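Computed from the coordinates by the stated procedures, all read-outs in this text should not be read as laboratory data. Owing to the predicted nature of the structure, the values given are computational and were not obtained by experimental measurement. Heads up, the Cβs are rebuilt from the backbone with ideal geometry, glycines too, and the neighbour counts pull from every protein chain shown.
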Amino acid sequence: MLLLHLSDIHFNSRDVEKPYDQNLGLRDDTIHDIKEMRKKIGRDVDAILISGDIAYHGQKSEYEFAWKWLTEELCPACGCDEKNMFVIPGNHDVDRKPAEAPMHEAARRHLRSVSKSKANAEIRRYVDNELSSTMLFSPIENFNRFASKVLCEVGFYRKQTGQNPYAKRDFELNDGSTLRIWGFNSVLVCDAEDDVNKMFVDPSAAEIVRREDGVTHLIMCHHPFNWLRNSAEFQGRIEEVAKIHLFGHEHTLRVDEHKKFTRIRAGALHPDRDEPNWQPGYNFIDVSVSGPPEKRKLDLKLWVRHLFGTRYISVPDGEGNDPWQLDHDLAPWTKPVPVAPPAVPQSPGSVIVEDAPVASPAISLRAVAIKILALREFDQREIITKLALHQDGDQRLLDYEFALAAVRRADERGELQKLSDAIDNHQGAKK
């Protein structure tokens, strides 16, 4: 599958939809290059991965503009369905106003004072408690409203609503195996004092990525390991189990080749213009599996791009090759053979229908999430109540959490199409 990897877009409320937006031309250059690369590679993009810093100040208007640009310009340019975007938060996705509350300041000061050996245990105390966890996640509420459209919101773990402190998505690779993408949150503690060795990744990141037959892991985290105070367990687990590591934050285009894994920094699509060696960039990543089941290889092709003047150029590997070509050994795995249902015996003289109607493709969870979150909250609740997709306890959820809980319940009950139809009928009745 073909991935488009971006980071640090930094949509700024200062520039949003204004004629003097200093990055209008840059985004035009980017869209033009993506279209040209799509032609060169000869394939549409299967998924867009954004490793943080979509906004600049974590403001609602910045995410509204980001969604418009992503769905109306970027997705069409690379041929990717909007539901196949995958996003994680970065430090610029934090709204600093909620983080200025005294309880926030006290929590950050305390967590940064804890010894490294006890950091994960102390973070767990906070995130396992609903009140303190909600406090830690509240500065990225605007990000979560944006990310919820593609089911990438992160927050306090709620089994009944399917919410987790991380995002996860599975895609099928060419041999039928699974590429599992994990998105981890490294802005649990974030303020003007951010620096190397002062950030924290959610502790679940060091636990949940496990070896599974036929599963290749790709992880995304905004801050590289050296920024994370509790990186030791996370890095050890990821380097042992995950084959592809994607990071943002540091505005450099860099590919680190290792025997067991490949680590890629996206570069910044919109770096600050006063940065030394200002140079926007992004990556195309092709992921496939080759070889027989007993000797499988993960094959990676990387087209690393950066801006030179008003056009993008390639960044070749150390030997001058473009694209980069890397591979990693995979565990043996054979795709299970589906068991055919037993044939129904035909009675003498029965009619065999040759042209039975073909079932329409099942609608996806993300497609319904996008549709329902485009409605007003009043309309969302009216539909959800009518279909009895709410439960006791939902009333304490935020509006977008309430809607997503209903979408996930509809999926569990096999009523996703019914919910989708109800949304369409509701919209039709409003016209």
For the chain, with a Gaussian network of springs between Cα atoms less than 10 Å apart, report the residue from A369, A205, A192 with the top mean-square fluctuation.
A192
Using the basic label-point model (7 angstrom from Cα toward the beta carbon), what is the F378 to N129 distance in nanometres?
3.9 nm
Running a GNM on the chain with Cα contacts under 10 Å, which residue among T71, T262, T310 ends up with the highest mean-square fluctuation?
T310
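Work out, step by step, the length gained on full extension between R109 and S314: first 0.36 nm times the residue separation, then minus their alpha carbon distance; give nm to one decimal. Don't jump to the answer; show the numbers that get you there.
On the way: separation 205, 0.36 × 205 = 73.80 nm, distance 4.32 nm.
The span from R109 to S314 would gain 69.5 nm if fully extended.
Please give the length that would be gained between E239 and E212 if that part of the chain were fully extended, namely 0.36 nm times their separation in residues minus their C-alpha to C-alpha distance (nm, one decimal).
Working: separation 27, 0.36 × 27 = 9.72 nm, distance 1.54 nm.
Result: 8.2 nm gained on full extension.
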Restricting to DSSP loop positions (anything but H, G, I, E, B) with no more than 16 other Cβ atoms inside 10 Å of their own Cβ, which GluC sites (Glu not before Pro) remain in the range 1-87?
E17
In the range 1-90, trypsin sites (Lys or Arg not before Pro) in a DSSP loop with at most 13 other beta-carbon atoms within 10 Å:
R14
Please give the length that would be gained between K260 and N197 if that part of the chain were fully extended, namely 0.36 nm times their separation in residues minus their C-alpha to C-alpha distance (nm, one decimal).
20.2 nm
Under 10 Å, Cα contacts only: if you run a Gaussian network model on the chain, which one of G155, G318, G248 comes out with the highest mean-square fluctuation?
G318
Given a cut-off of under 8 Å on Cα pairs at least six residues apart, what relative contact order in percent is computed for the range 10-135?
27 percent
At S117 and R43, where each label point lies 7 Å from the Cα along Cα→Cβ, what is the point-to-point distance in nanometres?
4.8 nm
Of the options I244, H306, Y166, report the single residue whose Cα projects farthest towards the positive end of the charge dipole of the chain (beta-carbon charges: Lys, Arg +1; Asp, Glu -1).
Y166
What is the spin-label model distance, in nm, from V337 to K168 if the labels are put 7 Å beyond Cα along the C-beta direction?
3.1 nm
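With each run of n ≥ 4 DSSP H residues scored as -39500 (n - 2.57), what mean residue ellipticity at 222 nm is computed for the chain after dividing by its residue count and rounding to the nearest 500 deg cm²/dmol? Present the calculation step by step, with values, prior to reporting the outcome.
Numbers: 13 runs with 134 residues, N = 431.
Using -39500 (n - 2.57) per qualifying helix, the result is -9000 deg cm²/dmol.
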Return a whole-number percent for the relative contact order of the range 195-266, with Cα pairs under 8 Å and 6 or more residues apart as the contact set.
31 percent
Consider the candidate values (i) 23.6; (ii) 26.1; (iii) 20.0; state which one is mean projected area of the Cα convex hull in nm² computed from the structure displayed.
(ii)
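Note down the relative contact order for the chain as a percent, whole number, built from C-alpha pairs under 8 angstrom at least six residues apart.
With pairs under 8 Å counted, the relative contact order is 14 percent.
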What size of dipole, in debye to the nearest 20, comes out for the chain about its Cα centre when the only charges are +1 on Lys and Arg C-beta atoms and -1 on Asp and Glu C-beta atoms?
600 debye
